[in-house]
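Encoded as structure tokens, the structure appears first; notes follow it.
The values are calculated or read from the model by the stated rules, or taken from the named source; none is laboratory data. These numbers were taken from a predicted model, which means no experiment stands behind them. For neighbour counting, all protein chains shown are included, and Cβ atoms are generated from backbone atoms with ideal geometry for every residue, glycine included. Please note that ligands, DNA and RNA were not included when accessible areas were found on the heavy atoms of the full protein model with its side chains. Shrake-Rupley method; radii C 1.70, N 1.55, O 1.52, S 1.80 Å.
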Amino acid sequence: QVQLVESGGGLVQPGGSLRLSCVASGSLFSLYYMAWYRQAPGKQRELVATITDGGSTNYVDSVKGRFTISRDYAKNTVYLQMNTLKPEDMAVYYCNLRQPTGQYWGQGTQVTVSN
């Protein structure tokens, strides 16, 4: 079994920054893919950013240049640095891990962008 625990969400004003963290534990393979998704009220869950076990990254167009995904292999942790936040970034952000045994989700962390 794999457990994912997110942290770092909160309330921030437009233009502000937050850094989300996701710590993976349990039966982890040496190589796995990680990603961040988000889901706003009334909307479908959306893929935000991905990072492969080799460190290659990809982003949805709406966050390119503002968000950065990274990972610390030694700590089994993935981060999402979010800068220049906009009201439309407000959502619950979920960590996702994929490895040969399946796909796993964290419980989510709320990001609120508001004055």
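Derived scalar couplings between HN and Hα for the range 55-66 equal x, 6, 10, 8, 9, 5, 4, 5, 10, 4, x, 10 Hz in order, rounded to whole Hz, by the Karplus curve 6.51 cos²θ - 1.76 cosθ + 1.60 (θ = phi - 60°), x for Gly and Pro. Packing, taken as the mean count of other beta carbons within 10 Å per residue, orders the peptides 48-54, 64-70, 37-43 from highest to lowest as 48-54, 64-70, 37-43.
Taking 0.36 nm per intervening residue step and subtracting the Cα-Cα distance, what contour gain separates residue 60 from residue 17 on full extension? Spell out each step's value before the answer.
Working: separation 43, 0.36 × 43 = 15.48 nm, distance 1.79 nm.
Contour length minus the Cα-Cα distance gives 13.7 nm.
With an a/c value of 1.5 or above and a/b not larger than b/c for the gyration tensor axes a ≥ b ≥ c computed over the alpha-carbon atoms, the range 72-111 is described as oblate.
Remark: the chain carries 52 Å² of accessible area per residue (probe radius 1.4 Å; ligands, DNA and RNA excluded). Listed by chain and number, the lysines whose C-alpha is less than 18 Å from the C-alpha of residue 43, apart from same-chain residues fewer than 8 away, are 86. With 0.36 nm allotted per residue and the present C-alpha distance subtracted, the residue 53-residue 72 stretch has 5.8 nm of extension available.
Computed about its Cα centre, the charge dipole of the chain is approximately 40 debye, with only Lys, Arg, Asp and Glu carrying charge at their Cβ. Counted over the chain, the DSSP beta bridges are approximately 95% antiparallel.
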